[in-house]
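The values are calculated or read from the model by the stated rules, or taken from the named source; none is laboratory data. Quick caveat: nothing in here was measured; it's all calculated off a predicted structure. Cβ placement follows ideal geometry from the backbone for every residue including glycine, while neighbour counts extend to all protein chains displayed. Surface areas here come from the heavy atoms of the whole protein model, side chains and all, with no ligands, DNA or RNA. Shrake-Rupley method; radii C 1.70, N 1.55, O 1.52, S 1.80 Å.
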Amino acid sequence: MIEIQSVSHRIGQAQILTDVSLRLERGGVIALAGPNGAGKSTLLSLIARLQPLQQGQIRVDDMQLGQCDDRALARKLAILPQQVNASSRLTVRDLVGFGRYPHHRGRPTAGDRARVEAALAQFDLGPLADRQLETLSGGQRQRAFVAMSYVQDTDFLLLDEPLNNLDLAAARSLMAQLRQLADDQGRTVVIVLHDINYATAYADRIVVLKGGRVVADGAPAETVTAAMLEQVFGTAAPVHSVGGRPVVLV
Amino acid sequence: MAGGRMLRNRMLLLALALLACCLAYLFTGVKGSWEFALMFRGQKLAALLLAGTAQAVAAVLFQTITGNRLLTPSIMGFDALYILLLSGMVFAMGAQQFLLLDRQWVMAGSAVLMCGAALALFGAVLRAGRGDLMRMVLTGVVLAVMLRSITSFLQRVIDPNEYAVVQAASYARFSRAETDLVAIAALLCLVALLAAWRMRFRLDVLALGPVAAVSLGEDPQRGQWQALLVISLLVSVSTALVGPVAFFGLLVTALTYLVLPTHRHAVLLPACAMMAGVVLTGGQWVMERVMHLSTPLSVVVEFLGGLVFLALLLKGLKQ
């Protein structure tokens, strides 16, 4: 469980988050949604310890961010990177192999290697395994990153707008993979999504932020309503129910 | 891994090339006493190898923590900082006092000073500039020029006799390496190299960039500080031995990445050190025995390194 307690954050003069408290239970896909500048990415980066906490507390299970061992936390919580340094000439296999680093700290065992090979097969990366990352398409690269986070074997996986620059097929397959991680492996996926329709289609729970505060929180059918869109995004978009899921007509 | 054998073969070739260069440097063209020649050359060879290794490893570390393959400590002005510290010491206590000091202690002391100064100065620059390569290049170039200007200002206000003391230290001199400092230099270098070697797996992770490093449990900030410490030690060793060099580190790292396409520091660190040894001893051999010292090696190395810098810069701008 990730427990966020009265977290506030400012960057310069701008108040980004104001007294946010949230409990993210284990299991399922939790989407963070909201308009531009609502503070969703900042909140995610605080949970990910990419930025130091200014006010409030965040606990991941029994570990308190800022006071716990980085290495132990890396076996509990992974962040999907959007990119790695282009100059490092990594192959897909190298990259996925790094996912095991928190477990072997540089000296992979036969077990670690087997995990990597299994993940390469599972994410259809087998034929690409010896290709360099720069030569892949955006969707393939994203898949390699997911495979890397997958072998890290963490309970929690954080993603910040991973659908940027992905076409329809790549975006849907990425979301389906995350869904599968949650359903089959019991992982908890916390994801910042820009497109609310992806959130309603794939998430179990949507947390909506506006102006640095949580304004709606719950299952997609409860949170995504025409009234909420009007209030949060300030636009009158009609919402229809298709197969039990709310769909926003754009 | 398919590339594993290729890497091993190339490492072996590199080691053989280094051995050949060292033997050629030691044993060719001896006139007169072999005993004297080998003593004399052995010390110079040790100084060259130490300086080369220090420059090479420092450059690899720096490129890893800054996330680019264009900048080296020398380009960012680490060498200039060392010379500034040295000039500052002469300025503060006067050349007479300075010359009375034990040179070994001066070197150890300035290495410590260098660590503190480099952390304070470059730590801040790196934090502000990471992710923006062109800003880092500009900051580095400006910083290096600034440090050199302060140094030359200091050297101008001191007495001309005192100036002579620091002047010798302010230029690259592969042919007249400071052989009496080899022992202490080797000690400092060994400490720094051990630290770098222990960091090798962490460096692989840090090279992925800050987000991936945090996710994998490596604090980029802490890694950066530790690497900066090691770099400062190495640069003070190399600068004390052969003076400041601007593009040597860049030349050897570029060559190493070309010959050994890998991200693993367990390979890159020793390979780059060997490459530096090949370039320095091989180059020095050619300059001393073939060209008969008509051109200093530093000029050739800096010229080639400068070309590499320009080429990489233009390539980087295009991307």
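Note on segment B:241-319: enclosed helices (runs of 4 or more DSSP H) holding 1 or more residues that are acidic (Asp, Glu) are B:297-318. Checked against (1) closer than 27 Å to B:Val205 by Cβ; (2) crowded, with 20+ Cβ neighbours inside 10 Å; (3) modelled with pLDDT of 90 or more, B:Cys115 meets all criteria but (2).
Checking segment B:62-84 against the condition returns no match, with no residue being more than 27 Å from B:Asp132 (Cα to Cα), more than 24 Å from the chain's Cα centre (by Cα) and either in the same structural domain as B:Gln226 (by TED's automatic domain parsing) or not small (Gly, Ala, Ser) (or both). Residues that are part of a helix (DSSP H, G or I) and of a type in the set (Gly, Ala, Ser) were ranked within segment B:60-88; the one that is nearest to B:Gly223 (Cα to Cα) is B:Ser74. Quick check on this structure: which one of A:Gln122, A:Gln142, A:Gln132 is more than 12 Å from chain B (Cβ to nearest Cβ) and over 19 Å from the mean Cα position of the chain (by Cα)? Going through A:Gln122, A:Gln142, A:Gln132 in turn, the sole match is A:Gln122.
The helices (runs of 4 or more DSSP H) found entirely in segment B:89-197 that carry 2 or more residues being under 30 Å from B:Ile65 (Cβ atoms) and out of contact with any Cys (no Cβ under 9 Å at 6 or more places or on another chain) are B:103-129, B:133-157. For segment B:207-225, the set of residues classified as within 23 Å of B:Gly77 (Cα to Cα) and either more than 9 Å from every other protein chain (Cβ to nearest Cβ) or in contact with a helix residue (DSSP H, G or I) (Cβ under 6 Å, 6 or more places away or on another chain) (or both) consists of B:Ala207, B:Pro220, B:Gln221, B:Gly223, B:Gln224, B:Trp225, listed by residue number. Identify, please: which residue in segment B:1-29 is open to solvent by less than 100 Å² (accessible area, probe 1.4 Å) and not in a helix (DSSP H, G or I) and is, among those, farthest from the other protein chains (Cβ to nearest Cβ)? Looking at the filtered set, the residue picked out is B:Gly29. Return the residues of segment A:218-236 that are surrounded by 13 or more Cβ atoms within 10 Å (Cβ to Cβ) and touching a helix residue (DSSP H, G or I) at 6+ places or on another chain (Cβ under 7 Å); say none if nothing qualifies. Passing the criteria: A:Pro220, A:Val224.
Please tell me if B:Ser232 is open to solvent by less than 10 Å² (accessible area, probe 1.4 Å), part of a helix (DSSP H, G or I) and under 14 Å from B:Leu48 (Cα atoms). Spelling it out, it is not the case that B:Ser232 is open to solvent by less than 10 Å² (accessible area, probe 1.4 Å), part of a helix (DSSP H, G or I) and under 14 Å from B:Leu48 (Cα atoms). Which one is farthest from A:Phe123 (Cα to Cα), of the residues in segment A:151-166 that are more than 12 Å from the chain's Cα centre (by Cα) and within 13 Å of chain B (Cβ to nearest Cβ)? Filtering segment A:151-166 for residues that are more than 12 Å from the chain's Cα centre (by Cα) and within 13 Å of chain B (Cβ to nearest Cβ), the one farthest from A:Phe123 (Cα to Cα) comes out as A:Thr154.
Within segment A:60-91, restricting attention to residues that are in a helix (DSSP H, G or I), in contact (Cβ under 8 Å) with a residue 24 or more places away in the chain and within 7 Å of chain B (Cβ to nearest Cβ), the residue that is nearest to A:Ala48 (Cα to Cα) is A:Leu73.
Checked against (1) within 14 Å of chain A (Cβ to nearest Cβ); (2) under 19 Å from B:Ser170 (Cα atoms); (3) among the basic types (Lys, Arg), B:Arg103 passes all but a single condition, namely (1). The set of residues in segment A:182-198 being crowded, with 18+ Cβ neighbours inside 10 Å and either closer than 18 Å to A:Gln142 by Cβ or among the charged types (D, E, K, R) (or both) consists of A:Ala182, A:Arg187, A:Val189, A:Val190, A:Ile191, A:Val192, A:Leu193, A:Tyr198. In the set (1) over 14 Å from the mean Cα position of the chain (by Cα); (2) in a helix (DSSP H, G or I); (3) charged (D, E, K, R), B:Glu218 fails one condition alone, (2). State yes or no: is A:Pro52 of a type outside the set (Ser, Thr, Tyr), within 12 Å of another protein chain (Cβ to nearest Cβ) and in contact (Cβ under 8 Å) with a residue 40 or more places away in the chain? Taking the combined requirement at face value, the residue does not satisfy it.
Can you name the residue in segment A:20-54 that is of a type outside the set (A, V, I, L, M, F, W, C) and assigned to a strand (DSSP E or B) and, of all such residues, is least open to solvent (accessible area, probe 1.4 Å)? Ranking the candidates gives A:Gly28 first. Might you check whether a residue that is in contact with a Lys or Arg (Cβ under 9 Å, 6 or more places away or on another chain) and part of a loop (DSSP other than H, G, I, E, B) occurs anywhere in segment A:2-19? No, segment A:2-19 has no match at all. Can you say whether A:Arg179 is open to solvent by 50 Å² or more (accessible area, probe 1.4 Å), touching a residue at least 24 places away in the same chain (Cβ under 8 Å) and either aromatic (Phe, Trp, Tyr) or part of a helix (DSSP H, G or I) (or both), as far as the supplied structure shows? Answer is no for this residue. Could you check, for segment B:118-139, whether at least one of its residues is surrounded by 14 or more Cβ atoms within 10 Å (Cβ to Cβ), touching a residue at least 40 places away in the same chain (Cβ under 8 Å) and more than 26 Å from B:Leu310 (Cα to Cα)? So far as segment B:118-139 goes, yes, one or more of its residues are surrounded by 14 or more Cβ atoms within 10 Å (Cβ to Cβ), touching a residue at least 40 places away in the same chain (Cβ under 8 Å) and more than 26 Å from B:Leu310 (Cα to Cα). A residue that is under 25 Å from A:Met63 (Cα atoms) and of a type in the set (Val, Ile, Thr) occurs nowhere in segment A:217-239.
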